[in-house]
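Inspection log for the structure reproduced underneath, given as structure tokens.
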Amino acid sequence: MPRPPRRCKRPVAPRLRKPAPPRPHRARVIPQNLFARRTAPGFRSAVPMRHCIYPGTFDPITYGHIDVLSRAARLFDRVTVAVAESAGKGPLFTSEQRVAMIVPGVAHLPNVTVTTFSGLLVEFCMAQQADAIIRGLRALSDFEFEFNMALMNRHLESRLETLFVMPNEQFSYTSSTLVKQVAKFGGDVAHFVPPNVAAALKSAFAPNRT
Ligand code: COA
């Protein structure tokens, strides 16, 4: 005889899962010094590092140049200060002296390095695998020279871009030549150049210098 179907006395409720306890909130940690992380040994990034060259004669470096450099160091992963031999400009300091004067002034910028170059700027940039040249525009009077130079460099090497940044307006009238003139006649240049540069200028223009 077929068995009669079993009847449930009461409907079985589906087994409910216990809700998961809320996860403790974990703040996203953004590294303080992204550059230090990216340059740590063994670090591999899918994003290529951006490298720019800041060229100039820097005879000597001024706070205006350092202002441009600090802005570039915020925009790029790596900045190379390229000190031109610039024999034609008859610099007061040798290229080695100019590099040595720049180094302490940029010590607070960990992604900045300083080196010398001679010959064509674009060739140096390509050898350094740089993405861009950075230049400062202090005033409108800088524009024409910079415009021509940027176009010539682009004609020579189309893969290189020139970017311009504006230094703080307090440096709009500073130039290495003016600083040298003031120092030559015993004026105070502390407002325009770091202390090591002021000391180097003082000894370069010392009356008993041979
Ligand atoms: N704050 C203060 N002063 C600044 C400044 C700033 N932010 N930016 C520029 N200056 C001053 C410099 O001190 C300099 O003063 P000086 O003429 O009294 O010495 C003046 O402005 C011009 O400096 P800069 O614009 O850096 O030019 P430079 O002559 O020092 O450098 C080179 C120019 C080296 C970049 C360029 O000649 C070059 O690329 N040479 C390599 C050869 C080459 O490739 N030529 C083809 C280029 S198209």
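Can you list the aspartates and glutamates whose alpha carbon is less than 15 Å from that of K184, not counting same-chain residues fewer than 8 positions off?
The qualifying aspartates and glutamates are D59.
Rounded if a/c is under 1.5, else prolate if a/b is larger than b/c, else oblate: which is the stretch 48-172, with a ≥ b ≥ c the root eigenvalues of its Cα gyration tensor? Please list the in-between numbers first.
Details: a/c = 1.14, a/b = 1.13, b/c = 1.01.
Rounded shape, in that the Cα axes give a/c under 1.5.
Would you mind ranking L156, L201, L92, L151 so that the residue whose beta carbon has the fewest other beta carbons within 10 Å leads the list?
Lowest to highest Cβ neighbour count: L151, L156, L92, L201.
Please sort by residue number the chymotrypsin sites (Phe, Trp or Tyr not before Pro) in the stretch 114-197 whose DSSP state is loop and whose Cβ has at most 16 other Cβ atoms within 10 Å.
Y173, F185
Once you charge only the Cβ atoms, +1 for Lys and Arg and -1 for Asp and Glu, what is the size of the charge dipole of the stretch 60-210 about its Cα centre, to the nearest 20 debye? Write down the numbers at each step before the final one.
Numbers: 13 positive and 13 negative charges, 84 e Å.
The dipole magnitude comes to about 400 debye.
Please report D67, D59 as a ranked list, fewest other C-beta atoms within 10 angstrom at the top and most at the bottom.
With the sparsest Cβ surroundings first, the list reads D67, D59.
Classify the stretch 82-127 as rounded, prolate or oblate, taking a ≥ b ≥ c as the square roots of the eigenvalues of its Cα gyration tensor: rounded when a/c is under 1.5, otherwise prolate if a/b is larger than b/c and oblate if not.
Note, shape of the stretch 82-127 comes out oblate.
Can you give the FRET efficiency for S118 and A206, using 1/(1 + (r/R0)^6), R0 = 30 Å, r = Cβ-Cβ distance, to the nearest 0.05?
The calculated FRET efficiency here is 0.55.
Sorted from fewest to most neighbouring beta carbons within 10 Å, what does the list L121, L75 look like?
With the sparsest Cβ surroundings first, the list reads L75, L121.
5 Å is the cut-off here: which amide hydrogens, built 1.01 Å from N in the peptide plane, fall below it relative to V81, excluding neighbours closer than 5 in sequence?
Correct list: Y54, T113, V114, T115.
Using the beta-carbon distance between M152 and H191 and R0 = 41 Å, what value does 1/(1 + (r/R0)^6) give for FRET efficiency, to the nearest 0.05?
0.75
Which of the trypsin sites (Lys or Arg not before Pro) found in the stretch 121-210 are in a DSSP loop and have at most 15 neighbouring Cβ atoms, other than their own, within 10 Å?
Counting only loop positions with at most 15 other Cβ atoms within 10 Å, the trypsin sites (Lys or Arg not before Pro) in the stretch 121-210 are R159, R209.
Read-outs: derived from the displayed coordinates by stated rules, not from any lab. No experiment lies behind these values; they were computed from the predicted model shown. So basically every Cβ, Gly included, is an ideal-geometry build from the backbone, and we count neighbours across all protein chains shown.
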